[in-house]
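*Asks:* Quick one: structure below, then a few questions.
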Amino acid sequence: MLNSSLQQLGSALRARKISSVELTQLFLDRIAALNPALNAYITTNAETSMAQARIADGRISKGEASPLTGIPVAQKDIFCAKGWRTTCGSKMLANFVAPYDAHVIGLFNSAGAVNLGKTNMDEFAMGSSNETSYFGAVKNPWNQKAVPGGSSGGSACAVAARLCAAATGTDTGGSIRQPAALCGISGLKPTYGVVSRYGMIAFASSLDQAGPMARSAEDLALLLNVMAGFDERDSTSLQRDKEDYARDLSKPLNGLRIGLPKEFFAEGLGSDVALAVNAAIAEYKKLGASVVEISLPNSKLSVPVYYVLAPAEASSNLSRFDGVRYGYRAPEYGDLADMYEKSRAQGFGAEVKRRIMIGTYVLSHGYYDAYYLQAQKIRRLIAQDFTDAFKQCDVIMGPTSPSTAFNLGEKGDDPVQMYLSDIYTIAVNLAGLPGMSIPCGFGANQMPVGLQIIGNYFDEARMLNIAHQYQLATDWHSRAPQGL
Amino acid sequence: MDMTWEIVIGLEVHAQLSTSSKIFCGASTAFGAEPNTQADAVSIALPGVLPVLNKGAVERAIKFGLATGAHIAPRSVFARKNYFYPDLPKGYQISQFDLPVVGNGQLVIHVPAQGKNPAYEKTVRITRAHLEEDAGKSLHGDFHGMTGIDLNRAGTPLLEIVSEPDMRSATEAVAYAKALHTLVRWIGICDGNMQEGSFRCDANVSVRHPGAALGTRREIKNLNSFRFLEQAINYEAQWQIGTLENGGTIHQSTVLFDSDKCETRMMRSKEDAHDYRYFPDPDLLPLEISPQWIEQMRATLPELPQAKQARYVSELGLSAYDASILTASREMADFFEAALSIIPLQAKQLANWMQGEVSARLNREDKGITDAPIKPIQLAVLINRIADGTISNSAAKQIFDHLWAPSTAELIIGDSLEEVTKGIHTLIEMKGLNQVSDAGAIEKIVDEIIAANADKVAEYRSGKDKLFGFFVGLAMKASKGKANPAQLNDILKQKLEG
């Protein structure tokens, strides 16, 4: 049951071979046993989850089930869920119980999915290793000395360790794809605007995008069918017709043109990762695809551009955490300014403060043009590179991350080294394109390697098709960490 | 060099737009609710909430742009103005910065006569008008040593209207503020309630010798009455002149007006000014306004005060002064035009009544024209009775008083022209105010007076013309004021000159 696809679980539930209550209990028991070591979840609430499971069973018995009804899904703790503690991985919100549902949560609830719990994450989604969480680092289930990646590390770990059937993540610079790669699972960041950001605690509004994390492309398609769609409460949500993201899964790949950006295979890429990615490309050729070398000349600027724009937006987005209306307030303070300073100094962790300071600096009078405006201009150039590239190919492939999972504490002292672990993913957010990561082998240390697939705008169904065909031909995605 | 002082004033006016919900969420904007009962998730800035622009606020901004002949930006951008304050829930205000929705408009103002200086017109340029959200309120009542925060007002839509420094006196500044106040109510985008803070002024004041470069300005914040605006500018200008004449310098700063002491007080200097770190709000798309949308809005605009004034002068033959008084508010003009539609040939007389009896009663009772107990149709019929000679002007005033505050409760005058005509006729009859136009009756009165005052008649006939008024007075008294004055004059003259 733990290794079943969502399709299989749904069928079993609807055939009454298992109840949602039993399935939910199975995962809750497993969480109770394994979470103390892995730390994938910040909050579980067995009572609420089981109540949802009972309602789901009722729907199923009445024949009103939809594909995800009764399936336990883990939610990244960045999504507000009514009645659930929603921390965003921060001391600032350690006691914040959300009074409303994020749009994504509402959609899962309507679909009858069971909220299994809130997964750990880097504080306010700022990090690539999950080490910035106020609730402690998440362990990589393949090697508990290693990081799971971040910021959606809790979700990636939970999926890989079979602590949920599937999970949600959010991706601002690679936060779905990089942990998916490091934990050996599949993850998809949709085109910016496909999934509503309403109720998703903002890090960098122009880059943030929610997406599914699961064990296969087929599962991702089912999840995205639930998550995607216009929401009038998010002005950047796109008004498009509903689509079935699973519709093209079984199409053959004959004639597919894969673009390989030469910049993604240059210095800095681990040789073991290169080996696995190249093997995957070879597999695609066998499936009928052709390969063309492309260039994304401005992609080398994506990390510096991102570390101007994302902190700029974050510095403003995080201003609401001031200790006045909700969240952490310092126990002792003098005047108003002192309350702000102490509450924020004590409530935020080091990485969050670093980014608030960078963002405040680049927006300051006299620096704005040189940093923020310049970065916006380069952002457009980076997007243009992709537009040009898609004239030569249907899809772009490359590594998701330059290395496999590194060890906990290994990059903690060097933020720039940490930032470089997102070097292949960030440009996709800057351009607003859809990107995904699927498992494609193992590195020298026997840790998973992720293949990144970047599609053109709104090409999610095609990308899922491309990933699914690979997963039919290989079994990397069905490998599970041992000893759990 | 001219060593007199010139005062230079520019105004920033915050007009609260009259939408029923807030600018970026569905919470109500109604005034006076219990604290925080109109603060939804967006108003409180809960984690994860997002702004969605209220179309009604944009429509009102477009109307304002059209009414001031301004440029309406096809694309404008919302920006975040970042600063910390407890009544600013997000830690930033959503406003517009370098790309406002409205730019380069103008407003013609009527500056009233001041002593020996006659009234004049002036055009004030409007630099820009931009949309933004209001903040909440800090409450300093009894909160056990703490400050209370009421977020009902947070997110209320504002149009900030910025003028060029075109005004040269407090009088001009007040005239501009009043014209703007009239205009925003006229086009229905703001209720103009200054007590409730729906219309607030900040005044930028500097002084210079005529012809010199602009002096350093100080900004007086939050003036919520025309009187305070005038007092604050006058105080501030005199303070600046005094400072400069005593060898001091003016430092750019923000000041507050203390209306009790009638003086301005330093709030913060330029050095303490915030760096607001404006940047485009990534949660909102650029605001795009199509030419079609602008035309739709243009079609909803009423005739504007300036156009109406011009029409009153050219078509109705009223004076510019009359025209400006009658267009002081849309309600005033509506009243005038409703009455005029019944007596189209008596515009001047109607205008006189509106400015005379009607305005006097309204002022005395501190009422607005919409609260006037007399209806336009009643006033029109009444004036018509004067014109057709049925009653005299003074008799009409008695009827007017009755209509304003009826003493006979049973007399109900309806709404139709027929009912009103009948009702006023009944009133005239009841009060016996019918003007005597019967030549025989008047002749009889005149004959009696001439007979009883033979000495005065002799004096008159010997050349003392001034006595004519004396005889008119006696005759009027004898007729109980009902004699038709024109007829009486004719008959008296004829008989006296025998």
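The values are calculated or read from the model by the stated rules, or taken from the named source; none is laboratory data. No experiment lies behind these values; they were computed from the predicted model shown. In this analysis, Cβ positions are derived from the backbone assuming ideal geometry, glycine residues included, and neighbour counts consider all displayed protein chains.
*Asks:* Among the residues of region B:106-131 satisfying the criterion of being touching a Leu at 6+ places or on another chain (Cβ under 9 Å) and surrounded by 18 or more Cβ atoms within 10 Å (Cβ to Cβ), which is nearest to B:P282 (Cα to Cα)? Full working, then the answer.
*Replies:* Of region B:106-131, the ones touching a Leu at 6+ places or on another chain (Cβ under 9 Å) are B:107, B:109, B:123-126, B:129-131.
In the following step, the residues that additionally are surrounded by 18 or more Cβ atoms within 10 Å (Cβ to Cβ) were identified as B:107, B:109, B:124, B:126, B:129-131.
Values: B:L107: 34, B:I109: 39, B:V124: 35, B:I126: 28, B:A129: 22, B:H130: 18, B:L131: 16 Å.
For region B:106-131, the residue satisfying everything is B:L131.
*Asks:* Then there's this: Which pairs have Cβ atoms under 8 Å, sit 6 or more apart or on different chains, and link a residue in region B:421-447 that is assigned to a loop (DSSP other than H, G, I, E, B) to one that is of a type in the set (D, E, K, R)?
*Replies:* Cβ pairs passing all conditions: B:G432/B:K480; B:G432/B:K482; B:L433/B:K482; B:N434/B:K482; B:Q435/B:K482.
*Asks:* Which members of region B:329-363 meet the condition of being touching a residue at least 12 places away in the same chain (Cβ under 8 Å) and farther than 20 Å from B:Y312 by Cβ?
*Replies:* B:R361
*Asks:* Please indicate, with yes or no, whether at least one residue in region B:7-30 is part of a helix (DSSP H, G or I) and either within 30 Å of the chain's Cα centre (by Cα) or of a type in the set (A, V, I, L, M, F, W, C) (or both). First the steps, then the outcome.
*Replies:* At the first step, the residues of region B:7-30 found to be part of a helix (DSSP H, G or I) are none.
Scanning region B:7-30 turns up no residue that is part of a helix (DSSP H, G or I) and either within 30 Å of the chain's Cα centre (by Cα) or of a type in the set (A, V, I, L, M, F, W, C) (or both).
*Asks:* Follow-up question, since we're still on this one. Could you say whether any residue in region B:2-17 is touching a helix residue (DSSP H, G or I) at 6+ places or on another chain (Cβ under 7 Å), at pLDDT 95 or above and surrounded by fewer than 22 Cβ atoms within 10 Å (Cβ to Cβ)? Even if it seems obvious, please write down each step before you answer.
*Replies:* Here is the first cut: in region B:2-17, the residues touching a helix residue (DSSP H, G or I) at 6+ places or on another chain (Cβ under 7 Å) are B:5, B:7, B:9, B:11, B:13, B:15, B:17.
From what is left, the residues that are at pLDDT 95 or above are B:5, B:7, B:9, B:11, B:13, B:15, B:17.
Subsequent filtering for residues that are surrounded by fewer than 22 Cβ atoms within 10 Å (Cβ to Cβ) retains B:5.
Yes: one or more hits.
So that you can scan it fast, the table gives a plain yes or no per residue for (1) touching a Lys or Arg at 6+ places or on another chain (Cβ under 7 Å); (2) at pLDDT 85 or above; (3) under 22 Å from B:I342 (Cα atoms):
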position: B:A396; (1), (2), (3): yes, yes, yes
position: B:A405; (1), (2), (3): no, no, no
position: B:I413; (1), (2), (3): no, no, yes
position: B:G423; (1), (2), (3): no, no, yes
position: B:T426; (1), (2), (3): no, no, yes
position: B:L433; (1), (2), (3): yes, no, no
position: B:V436; (1), (2), (3): yes, no, no
position: B:G440; (1), (2), (3): no, no, no
position: B:I445; (1), (2), (3): no, yes, no
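*Asks:* Now, a different point. What number of residues in region B:244-279 are part of a strand (DSSP E or B), touching a helix residue (DSSP H, G or I) at 6+ places or on another chain (Cβ under 8 Å) and aliphatic (A, V, I, L, M)?
*Replies:* Residues of region B:244-279 that are part of a strand (DSSP E or B), as a first pass: B:253-258, B:263-269, B:279.
Right, trim to touching a helix residue (DSSP H, G or I) at 6+ places or on another chain (Cβ under 8 Å) and you get B:253, B:255, B:257, B:263-264, B:279.
Pick out the ones that are also aliphatic (A, V, I, L, M) and you get B:255.
Within region B:244-279, residues that are part of a strand (DSSP E or B), touching a helix residue (DSSP H, G or I) at 6+ places or on another chain (Cβ under 8 Å) and aliphatic (A, V, I, L, M) number 1.
*Asks:* Quick one: is B:V8 more than 14 Å from chain A (Cβ to nearest Cβ) and either under 30 Å from A:C88 (Cα atoms) or out of contact with any Lys or Arg (no Cβ under 6 Å at 6 or more places or on another chain) (or both)?
*Replies:* Values: more than 14 Å from chain A (Cβ to nearest Cβ): yes; either under 30 Å from A:C88 (Cα atoms) or out of contact with any Lys or Arg (no Cβ under 6 Å at 6 or more places or on another chain) (or both): yes.
Yes, satisfied.
*Asks:* Hey, can you tell me all the residues within region A:196-220 that are of a type in the set (G, A, S), more than 12 Å from the chain's Cα centre (by Cα) and within 14 Å of chain B (Cβ to nearest Cβ)? Outline the logic, then answer.
*Replies:* Here is the first cut: in region A:196-220, the residues of a type in the set (G, A, S) are A:196, A:199, A:202, A:204-206, A:210-211, A:214, A:216-217.
This time we only want the ones that are more than 12 Å from the chain's Cα centre (by Cα), so: A:196, A:199, A:202, A:204-206, A:216-217.
Within region A:196-220, A:S196, A:G199, A:A202, A:A204, A:S205, A:S206 meet the criteria.
*Asks:* Just name the residue that is farthest from the other protein chains (Cβ to nearest Cβ) out of those in region A:88-99 that are touching a helix residue (DSSP H, G or I) at 6+ places or on another chain (Cβ under 6 Å) and in a helix (DSSP H, G or I). It would help to see each step written out before you state the result.
*Replies:* Going through region A:88-99, the residues touching a helix residue (DSSP H, G or I) at 6+ places or on another chain (Cβ under 6 Å) turn out to be A:88-92.
Next, from what is left, pick out any that are in a helix (DSSP H, G or I): A:91-92.
Values: A:K91: 14, A:M92: 9 Å.
Applying the filter and picking the extreme gives A:K91.
*Asks:* Working carefully through the options B:D401, B:D366, find the one that is more than 27 Å from B:S437 (Cβ to Cβ), without any contact (Cβ under 8 Å) to a residue 60 or more places away in the chain and assigned by TED's automatic domain parsing to the domain that holds B:S341.
*Replies:* Details: B:D401 fails: more than 27 Å from B:S437 (Cβ to Cβ).
Checking each option against the conditions leaves just B:D366.
*Asks:* Let me ask another. Of all residues in region A:171-185 being of a type in the set (A, V, I, L, M, F, W, C) and assigned to a loop (DSSP other than H, G, I, E, B), which is nearest to the chain's Cα centre (by Cα)?
*Replies:* First, the residues of region A:171-185 that are of a type in the set (A, V, I, L, M, F, W, C): A:176, A:180-183, A:185.
Retained after the next criterion (residues that are assigned to a loop (DSSP other than H, G, I, E, B)): A:176, A:185.
Working: A:I176: 2, A:I185: 11 Å.
Of everything passing the filter in region A:171-185, A:I176 is nearest to the chain's Cα centre (by Cα).
*Asks:* Right, here's the next one. Return the residues of region A:365-379 that are in contact with a helix residue (DSSP H, G or I) (Cβ under 9 Å, 6 or more places away or on another chain) and part of a loop (DSSP other than H, G, I, E, B); say none if nothing qualifies.
*Replies:* Result: A:Y367, A:Y368.
So that you can scan it fast, the table gives a plain yes or no per residue for (1) at pLDDT 95 or above; (2) within 14 Å of another protein chain (Cβ to nearest Cβ); (3) crowded, with 24+ Cβ neighbours inside 10 Å:
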position: A:D101; (1), (2), (3): yes, yes, no
position: A:L107; (1), (2), (3): yes, no, no
position: A:D122; (1), (2), (3): yes, no, yes
position: A:N140; (1), (2), (3): yes, no, yes
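*Asks:* Could I ask something else about it? Counting only residues that are away from chain B (no Cβ under 11 Å) and among the aromatic types (F, W, Y), how many does region A:372-386 have?
*Replies:* Total satisfying the criteria: 1.
*Asks:* So for region A:374-385 (the condition being over 22 Å from A:N317 (Cβ atoms) and touching a Pro at 6+ places or on another chain (Cβ under 9 Å)), does at least one residue qualify?
*Replies:* yes
*Asks:* Suppose we keep only residues that are more than 22 Å from B:L151 (Cβ to Cβ) and charged (D, E, K, R) within region B:75-112. Which one would you say is farthest from the other protein chains (Cβ to nearest Cβ)?
*Replies:* Ranking the qualifying residues of region B:75-112, first place goes to B:R75.
*Asks:* Let me ask something additional. Could you check B:E196 against (1) within 22 Å of B:D260 (Cα to Cα); (2) more than 20 Å from the chain's Cα centre (by Cα); (3) assigned to a loop (DSSP other than H, G, I, E, B) and say which number it fails?
*Replies:* (2)
*Asks:* Taking region B:151-193, which residues are part of a strand (DSSP E or B) and among the polar types (S, T, N, Q)?
*Replies:* B:S163
*Asks:* Residues of region A:295-340 being surrounded by 17 or more Cβ atoms within 10 Å (Cβ to Cβ), within 11 Å of chain B (Cβ to nearest Cβ) and free of Cβ contacts under 8 Å to residues at least 60 places away in the same chain, which ones?
*Replies:* A:S315, A:S316, A:S319, A:R320, A:D322, A:G323, A:V324, A:R325, A:M339, A:Y340
*Asks:* Residues in region A:352-364: is at least one closer than 21 Å to A:M126 by Cα, of a type outside the set (D, E, K, R), more than 13 Å from chain B (Cβ to nearest Cβ) and exposed (fewer than 15 other Cβ atoms within 10 Å of the Cβ)? Break it down stepwise before answering.
*Replies:* So in region A:352-364, the residues closer than 21 Å to A:M126 by Cα come out as A:352-363.
Going one step further and asking which of them are of a type outside the set (D, E, K, R), we end up with A:352, A:356-363.
Filter once more, keeping what is more than 13 Å from chain B (Cβ to nearest Cβ): A:352.
Now narrow it down to the ones that are exposed (fewer than 15 other Cβ atoms within 10 Å of the Cβ): none.
No: zero hits.
*Asks:* Then there's this: Output the number of the condition that B:Q240 fails; it satisfies all remaining conditions of (1) in a helix (DSSP H, G or I); (2) surrounded by fewer than 21 Cβ atoms within 10 Å (Cβ to Cβ); (3) of a type outside the set (D, E); (4) over 22 Å from the mean Cα position of the chain (by Cα).
*Replies:* (2)
*Asks:* Return the residues of region B:260-290 that are exposed (fewer than 14 other Cβ atoms within 10 Å of the Cβ), touching a residue at least 40 places away in the same chain (Cβ under 8 Å) and farther than 30 Å from A:A312 by Cα; say none if nothing qualifies.
*Replies:* B:S290
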